[in-house]
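Report on one structure; see the data block that follows.
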């Protein structure tokens, strides 16, 4: 995890302060996909190193709308054949290529069993001492690893990108976040995952990013067994789901609901706590789901996003290039993956002597 964040930091030392800046969406996509492929089956994609998107990443975005259309038409099976006019033949070809690429990566990882640098998700699916998988088992593992690669990439890329953007658009929030991180650690190498959970404003910033850019547009569907919910009878067999976007943008549940306000998530004893947010429905928001089947990547996601923001904002002063007007409701689009706007920033390496002097004076 440190390896990929450090690689991003090293690249920003080289290119982040250039007059033209760097395009944040692209660079966070590279970092998150490099990390996810490595975590899943020890695959090195080298996008940060080569400073270009892999064929796999490009293909993944080309099929984003097709996957969305496929999900919509699945709800009305009789109309399912109509989904194909919405998609160009080249997109279907890319979808097949994605499946093929993942299958090839899986075969490569099977051959390297017992000969990898670190444990990965694949190791839990097929340990080094397990018998060689049958074709049926390979198919099962292929599907799971494909899901893990995408699930470990897109939500992470979206959260670190969005947290930086929203903080830059709210300079006071960025100042609070940077101050908390830099006061917590004297040296870059002191930043360790185990210590980040105690940074309350960092946690609040990420929770607020999750509130605005929810991980999925609709809640996980469930088929009613026949029940009464909030005074309404839901007949057996009816599919129900939870409308995240409607809930998180409703002023009855969140004060100043359409603005980026980390104060929603601060405990009452925090110096920046504001009583205006006292009645927020924070206990009802579970971005990673809850119950016996929450997101299996919950802990990993928290560790990865906290580590990235802590290391990047400890090392650099972030600057938004001028003449950029980002409006969330206009510029972001939710399909299976968030389509995000380009956003240009500069990362200026911090002179540590100045930071230590200013901290001592304050």
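Scanning the stretch 174-183 for residues that are free of Cβ contacts under 8 Å to residues at least 60 places away in the same chain and either out of contact with any helix residue (DSSP H, G or I) (no Cβ under 7 Å at 6 or more places or on another chain) or surrounded by fewer than 18 Cβ atoms within 10 Å (Cβ to Cβ) (or both), we see that the one that is nearest to residue 337 (Cα to Cα) is 175.
So is residue 320 at pLDDT below 90 and buried (at least 19 other Cβ atoms within 10 Å of the Cβ) or not? Spelling it out, it is not the case that residue 320 is at pLDDT below 90 and buried (at least 19 other Cβ atoms within 10 Å of the Cβ). Applying the set (1) in contact (Cβ under 8 Å) with a residue 40 or more places away in the chain; (2) in a helix (DSSP H, G or I); (3) surrounded by 13 or more Cβ atoms within 10 Å (Cβ to Cβ) to residue 116 leaves exactly one unmet item: (2). Among the residues of the stretch 9-42, write down those that are buried (at least 23 other Cβ atoms within 10 Å of the Cβ) and under 23 Å from residue 116 (Cβ atoms). Within the stretch 9-42, 30, 31, 32, 33, 34, 35, 36, 37, 39, 40, 41 qualify.
Can you spot a residue in the stretch 187-194 that is buried (at least 18 other Cβ atoms within 10 Å of the Cβ), in a helix (DSSP H, G or I) and modelled with pLDDT of 95 or more? Looking through the stretch 187-194, none of the residues is buried (at least 18 other Cβ atoms within 10 Å of the Cβ), in a helix (DSSP H, G or I) and modelled with pLDDT of 95 or more.
Kindly evaluate residue 54 against the criterion of being in contact (Cβ under 8 Å) with a residue 40 or more places away in the chain and under 30 Å from residue 9 (Cα atoms).
No, not satisfied.
Scanning the stretch 243-258 for residues that are touching a helix residue (DSSP H, G or I) at 6+ places or on another chain (Cβ under 7 Å) and in a helix (DSSP H, G or I) yields one hit, 248.
Evaluating residue 160 against the criteria (1) buried (at least 18 other Cβ atoms within 10 Å of the Cβ); (2) modelled with pLDDT under 95; (3) farther than 24 Å from residue 251 by Cα leaves one unmet condition, (2). Take the residues in the stretch 58-110 that are outside any helix (DSSP H, G or I) and out of contact with any helix residue (DSSP H, G or I) (no Cβ under 7 Å at 6 or more places or on another chain), then tell me which one is surrounded by the most Cβ atoms within 10 Å (Cβ to Cβ). Ranking the candidates gives 88 first.
Here residue 127 meets each of (1) surrounded by fewer than 22 Cβ atoms within 10 Å (Cβ to Cβ); (2) under 23 Å from the mean Cα position of the chain (by Cα) with one exception, condition (2). The residues listed here are 143, 156; of these, the one that is more than 22 Å from residue 6 (Cβ to Cβ) and part of a helix (DSSP H, G or I) is 143. Looking across the stretch 210-240, just one residue is at pLDDT 85 or above, over 17 Å from residue 284 (Cβ atoms) and under 17 Å from the mean Cα position of the chain (by Cα), and that is 213. If you go through the stretch 212-242 and keep only what is outside any helix (DSSP H, G or I) and closer than 18 Å to residue 155 by Cα, you end up with 213, 214, 215, 216, 217, 218, 219, 220. Conditions first: (1) under 22 Å from the mean Cα position of the chain (by Cα); (2) touching a residue at least 60 places away in the same chain (Cβ under 8 Å); (3) within 30 Å of residue 352 (Cα to Cα). Residue 188 passes all but one, so which condition is the exception? Only one criterion in (1) under 22 Å from the mean Cα position of the chain (by Cα); (2) touching a residue at least 60 places away in the same chain (Cβ under 8 Å); (3) within 30 Å of residue 352 (Cα to Cα) is unmet by residue 188, namely (1). What about residue 289, is it under 20 Å from the mean Cα position of the chain (by Cα) and farther than 18 Å from residue 197 by Cα? Spelling it out, residue 289 is indeed under 20 Å from the mean Cα position of the chain (by Cα) and farther than 18 Å from residue 197 by Cα. Hey, any hits in the stretch 204-211 for a residue that's outside any loop (DSSP other than H, G, I, E, B) and exposed (fewer than 15 other Cβ atoms within 10 Å of the Cβ)? Taking every residue of the stretch 204-211 in turn, none turns out to be outside any loop (DSSP other than H, G, I, E, B) and exposed (fewer than 15 other Cβ atoms within 10 Å of the Cβ).
Of the residues in the stretch 131-153, none is in contact with a helix residue (DSSP H, G or I) (Cβ under 6 Å, 6 or more places away or on another chain), within 20 Å of residue 258 (Cβ to Cβ) and crowded, with 18+ Cβ neighbours inside 10 Å. Once the stretch 259-299 is narrowed to residues that are in contact with a helix residue (DSSP H, G or I) (Cβ under 8 Å, 6 or more places away or on another chain) and at pLDDT below 95, the residue that is surrounded by the most Cβ atoms within 10 Å (Cβ to Cβ) is 287.
The values are calculated or read from the model by the stated rules, or taken from the named source; none is laboratory data. Computed from a predicted structure; not experimentally measured. So basically every Cβ, Gly included, is an ideal-geometry build from the backbone, and we count neighbours across all protein chains shown.
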